[in-house]
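The values are calculated or read from the model by the stated rules, or taken from the named source; none is laboratory data. As the structure is a prediction and not an experimental result, all values here were calculated from the model. Glycine gets a Cβ as well: all are built from the backbone with ideal geometry, and neighbour counts include every protein chain shown. Note: areas computed on protein heavy atoms with side chains; ligands, DNA, RNA excluded. Shrake-Rupley method; radii C 1.70, N 1.55, O 1.52, S 1.80 Å.
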Amino acid sequence: MSDSVVVWQVLLLALFFLCAVHGQVSYSVPEEMSKGSMVGNIAQDLGLDLKRLKAGKARIYTKDSTQYVELNKDRGLLLIRERIDREALCGKKTPCALHFQIILENPVDNVSVTINIQDQNDNAPQVLYPVQTTGSVVAEIVPRSADVGYLVTKVVAVDVDSGQNAWLSYKLQKATDRALFEVGAQNGEIRTIRQVTDKDAVKQKLSVIVEDNGQPSRSATVNVNVALADSFPEVLSEFSDFTHDKEYNDNLTFYLVLALAVVSFLFIVSIIAILSVKCYRWRRERMFYKSNGQLPVIPYYPPLYADVGGTGTLQHVYNYEHYRTTDSRKSDMKYVRPCDQSILSLDNTDIQTLPHVHSEKLIYDSGDQVRI
């Protein structure tokens, strides 16, 4: 970056902090607004001309690294640029607001803008205690000598939303014996509402629902296991199979039924396949007996070797008769011309003598039978 550019930025910032604020505007928007949503008409609210915004090269200056809002100079509107999560931006801090400046040049001017972020009920309550475990069982022990109002345990939950959206209430949803326990609506305390008797079951299961005060309301559910016993060994003997509850049994029944259906289907398919093979073999044997054990014989003729005349000899195209004398070079060969070919000029007897050299050439060139 050149020195002139650095000097110009320093001068611009100095003018920005020294100049007076000529306008101030405030907006209020809900969190989680989609990108491109309008925050407000900054030109109309401040009485600025659109030409002034363009000529002054209006832009947003913010100290934050993330710019959540952008300025549309053609229309003079402030628009959502990035989704705003109030919890990520401010946490539990209230009120939650964005502060930035709109800077104009020629002459230098600035406008202070504040955008208040309204909380939305976009988070459900989170249960901190009792901790929900999947592999092991955690139970609260209540002695059988406990009096009315005995504190069994306390459900602790939080909501990251703010204001009324974070107000939580507790309610007993299910219980093995609803006449034995109650839950504080505001504090989540579980207490006994009568004296524990010997007739009460050792294993007690409670389901508590936690709701916030948002619109619409969001909730979370927590299960609490309670053991009515005076000694720890009694608790171990009773809770050894606590994990095999009704939900687990329902899942096990479903898988057993599914396995039975699959096995039955495979068995039926196997029976049908066996019967089909048996039926096919029975039909073949039946056809064999009906034909008196004689199957039709299909004659086989090798290619190009069929007996034409029915004599069993190969078909001859040429017949040769070879005569030799004491001088093999003067031997002559008798050549018989087929009826449908005309190779040499023949006499009336269709016989012509050829020199020995030509006869040997004919013998080696032809693949037919030669009689010597």
Looking only at the stretch 170-179, how many residues end up being modelled with pLDDT under 95 and crowded, with 18+ Cβ neighbours inside 10 Å? 1
For the stretch 225-261, give me the residue count where each residue is at pLDDT 80 or above and open to solvent by 70 Å² or more (accessible area, probe 1.4 Å). 8
Could you check, for the stretch 136-144, whether at least one of its residues is under 44 Å from the mean Cα position of the chain (by Cα), among the acidic types (Asp, Glu) and assigned to a strand (DSSP E or B)? yes
Within the stretch 184-193, take every residue that is open to solvent by 30 Å² or more (accessible area, probe 1.4 Å) and part of a strand (DSSP E or B) and give me the one that is farthest from Lys154 (Cα to Cα). Arg191
Within the stretch 284-291, identify whether any single residue is at pLDDT 70 or above and polar (S, T, N, Q), and answer yes or no. no
Taking the stretch 73-96, which residues are open to solvent by less than 90 Å² (accessible area, probe 1.4 Å) and more than 39 Å from the chain's Cα centre (by Cα)? Lys73, Gly76, Leu77
Val208 is checked against (1) touching an Asp or Glu at 6+ places or on another chain (Cβ under 8 Å); (2) touching a residue at least 40 places away in the same chain (Cβ under 8 Å) and fails just one. What number does that condition carry? (1)
Only one of Gln120, Gln164, Gln132 is of a type outside the set (Lys, Arg), in contact with a strand residue (DSSP E or B) (Cβ under 6 Å, 6 or more places away or on another chain) and open to solvent by 30 Å² or more (accessible area, probe 1.4 Å); which? Gln120
